[in-house]
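K.L.:
Let me begin by handing over the structure; questions about it come next.
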Amino acid sequence: MCQSIYGTTWPFEGLSNACMLSGDMEKRQQMKDDLQRCIDAHKDELHSLSRDIWSNPELAGNEKHAHDRLVRFFSQDQTWTVQSHYKLPTAFKASWGPVSGGVGDPVLNVGFLCEYDALPGIGHACGHNLIAEVGAAAAVGLKAALENQTELPVPVKITVLGTPAEEELGGKIELINAGAFADIDLVFMAHPAQQDASFHPCIIIEEMLVKYYGKASHAAAYPWEGVNALDAAVLAYSNISVLRQQLKPDWRIHGIIKHGGEKPNIIPAYTELEFYLRTPLLKDLCDLKAKAEACFRAAAGATGCQVEITSPTPTYYNILPNATLASLYESNGKALGIHFPEQPTSFCGKRSTDFGNVSFIVPGIHPFFYICTDALNHTEEYTEAAGAEKAQLYTLRTAKALSMTAVDVVCCPDLLKKVRDDFRLFGIHSQFYTTNL
Ligand SMILES: NCCCC[C@H](NC(=O)CCN)C(=O)O
């Protein structure tokens with residue numbers, strides 16, 4: 001069967017055969033039932049976990065409360081080995097297994113990711129508290145499904161990584177660079193949105209910090225002695241607005257003036273702007289960067305200011321799709337009643353995530369899920385929805401579908417091979433990944 005993921009047709013023929021032939025369907029169904037029962041049995045605890053994170057919103061890199069809460073959640077079951085402050089101050093790692101498989105067989109390490117950072121001023125407006133809940137629930141469910149298995153094709157272990165700082169700083173990229181993903185074979189997470197999608201393209205993002213240096217002077221008495229850094233900032237902002245009408249429809253550039261001066265009667269000697277640049281392809285990002293830089297430098301030239309342009313955080317990459325994982329996730333989701341619309345409706349915006357970088361080095365999926373609201377991410381209404389009781393059914397259903405997808409892959413070597421083939425197909429990986437922009 002072929003399936004369309006927002007205009008892309010994936011070659012899914014043969015997938016269901018692969019599942020039927022090499023897996024023990026009955027055993028797999030049993031495992032899927034076990035994990036669902038386990039997640040249902042822990043539902044209050046899981047809700048209280050995400051509600052606690054939601055009630056204590058913390059910005060990227062400062063997620064101390066969320067870190068400690070998640071570490072406590074896993075530590076209370078002593079079969080998990082938990083490392084707090086794992087490679088980053090607010091990251092953690094919880095591992096379980098390996099279980100089953102022959103002696104000396106390579107271990108299949110299944111990873112689940114928990115995000116938990118919030119946004120300035122509006123709390124959990126992107127629902128990362130629910131991402132943490134999904135990751136924890138899916139991992140706990142998979143453990144329950146694997147616990148009594150003695151005849152898996154390969155030994156399996158589970159790794160939960162707490163990955164801080166998605167909204168800023170790129171926590172996953174720092175974890176990649178520190179080797180945290182080196183022994184992980186598959187990676188799963190899911191993100192709240194306006195509807196369910198097994199795959200939705202996320203685009204590349206790069207941040208540009210622009211600083212203008214001018215010269216202060218009394219703005220009424222001796223304005224001619226000043227060099228106005230606010231004028232440079234305003235011109236830069238206008239230049240970018242003019243540039244925008246000439247950009248491709250799927251490119252984005254948007255920014256703020258972070259520092260605009262001190263007092264109306266002092267010609268501003270220093271201003272600072274922060275811009276986000278986004279494109280679907282790396283090569284387009286190079287073009288967009290060049291155009292944006294020209295705008296920033298022109299503003300400096302016109303006002304006589306000095307300009308300094310930097311990219312303070314690492315580039316987030318687009319997400320590489322994995323057709324096999326997406327298809328399995330959809331069939332498991334449909335069995336749980338998840339509806340996957342053919343086309344995105346309200347959910348068609350461009351966004352970015354540091355999971356993109358993970359998708360270049362480990363096969364994985366990052367589905368989006370509905371949480372019983374039409375509100376849009378990064379709004380106060382979405383914050384409210386992410387903490388609401390009614391989001392729970394959708395959140396736990398998503399965790400079950402992810403965990404069931406992991407069961408399919410760990411039980412069926414043919415599927416694992418297909419997942420890896422898909423990864424190789426899209427993953428021009430290390431060489432592409434290290435492309436110097
Ligand atoms: N360095 C800025 C990264 C911004 C990432 C952010 N991500 C999302 O909104 C989706 C996941 N939270 C963005 O796209 O603006």
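Values quoted throughout were computed directly from the atomic coordinates according to the rules given, and no laboratory measurement underlies them. Bear in mind the structure is a predicted one, so any value in this text is a computation, not a measurement. In this analysis, Cβ positions are derived from the backbone assuming ideal geometry, glycine residues included, and neighbour counts consider all displayed protein chains.
K.L.:
What is the dipole size for region 140-205, taken about its Cα centre, with +1 at each Lys and Arg Cβ and -1 at each Asp and Glu Cβ, in debye to the nearest 20?
P.N.:
Computed charge dipole of region 140-205: roughly 100 debye.
K.L.:
With runs of 4+ DSSP H residues as the only contributors, calculate the mean residue ellipticity of the chain at 222 nm using -39,500 (n - 2.57) per run, divided by the residue total and rounded to the nearest 500.
P.N.:
Value at 222 nm, helices only, nearest 500: -13000 deg cm²/dmol.
K.L.:
State the Cα centre-to-centre distance between region 193-216 and region 385-429 in whole Å.
P.N.:
Centre-to-centre (Cα) distance: 26 Å.
K.L.:
Follow-up. Once the other residues with Cβ under 10 Å from the Cβ of P98 are scored (Lys, Arg +1; Asp, Glu -1), what is the net sum?
P.N.:
It works out to a net charge of 0.
K.L.:
Where the only charges are on Cβ atoms (+1 Lys, Arg; -1 Asp, Glu), what is the dipole of the chain about its Cα centre, to the nearest 20 debye?
P.N.:
It comes to approximately 640 debye.
K.L.:
Where both residues lie in the chain, what percent of DSSP beta bridges are antiparallel, nearest 5?
P.N.:
70 percent
K.L.:
Shifting gears a bit: Give the long-range amide H neighbours of Y116: residues separated by 5 or more places, or on another chain, with amide H under 5 Å away, using H modelled in the peptide plane at 1.01 Å from N.
P.N.:
Those qualifying (amide H under 5 Å, at least 5 residues apart or on another chain) are A165, E166.
K.L.:
If you don't mind, another one. Expressed as an acute angle from 0 to 90° and rounded to the nearest 10, what is the orientation of the C-alpha long axis of helix 323-335 relative to the principal long axis of the chain?
P.N.:
Rounded to the nearest ten degrees, it is 70.
K.L.:
Cα-Cα over 32 Å: which of K64/K400; K93/K258; K215/K283; K64/K258; K27/K64?
P.N.:
K93/K258; K215/K283; K27/K64
K.L.:
If amide H atoms are built 1.01 Å from N in the plane of the peptide, which residues on other chains or at least 5 residues away come under 5 Å of the amide H of G364?
P.N.:
Residues meeting the criterion, in which the H sits 1.01 Å from N, are V187.
K.L.:
Moving to a separate point now. In the P(r) worked out for region 75-183, what percent of Cα pairs fall beyond 16 Å?
P.N.:
Of the Cα pairs, 61 percent sit more than 16 Å apart.
K.L.:
Hey, what's the Kirkwood Rh for region 17-124 if you take every pair of different alpha carbons, in angstrom?
P.N.:
16.6 Å
K.L.:
Share of Cα-Cα pairs in the chain beyond 41 Å, in percent?
P.N.:
I get 21 percent for the Cα pairs in the chain exceeding 41 Å.
K.L.:
Pairing the Cα long axis of helix 282-303 with the longest principal axis of the chain, what angle in degrees results, from 0 to 90 and rounded to the nearest 10?
P.N.:
20 degrees
K.L.:
By how many degrees, 0 to 90 and rounded to 10, does the Cα axis of helix 229-244 deviate from the longest principal axis of the chain?
P.N.:
Roughly 50 degrees, rounded to the nearest 10.
K.L.:
How would L142, L336 line up from fewest to most surrounding beta-carbon atoms within 10 angstrom?
P.N.:
So the ranking, lowest neighbour count to highest, is L336, L142.
K.L.:
Mind jotting down the three principal axis lengths of region 207-310 based on Cα atoms? Whole angstrom, largest first.
P.N.:
Taking max minus min along each principal axis of the Cα atoms, region 207-310 gives 50, 22, 20 Å.
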